[in-house]
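The values are calculated or read from the model by the stated rules, or taken from the named source; none is laboratory data. Only a predicted model underlies this, so the values are computations on that prediction, with no experimental measurement involved. Quick reminder, even Gly has a Cβ in these numbers, built from the backbone with ideal geometry, and neighbours come from all protein chains shown.
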């Protein structure tokens, strides 16, 4: 099943601090749900862009370092 929800977590490496509309996909095997952010008319939200278009391995490494070590 798919439900509407909001991603309301603060993700420090992404500048937008507003809640983001999303579809929450409940997994039938009991694993964590998948969260798919909605695209909006304002395509300036870096998290939405990164989720929909993907990121490079180098960008993933950079985000992990910033998140874990405050670099």
Legend entry - Matching entry among 48, 13, 57, 24 (being surrounded by 11 or more Cβ atoms within 10 Å (Cβ to Cβ) and at pLDDT 95 or above): 24
Inset, instruction - Could you check how many residues of region 23-45 are in contact with a strand residue (DSSP E or B) (Cβ under 9 Å, 6 or more places away or on another chain) and within 24 Å of residue 62 (Cβ to Cβ)? - result: 5
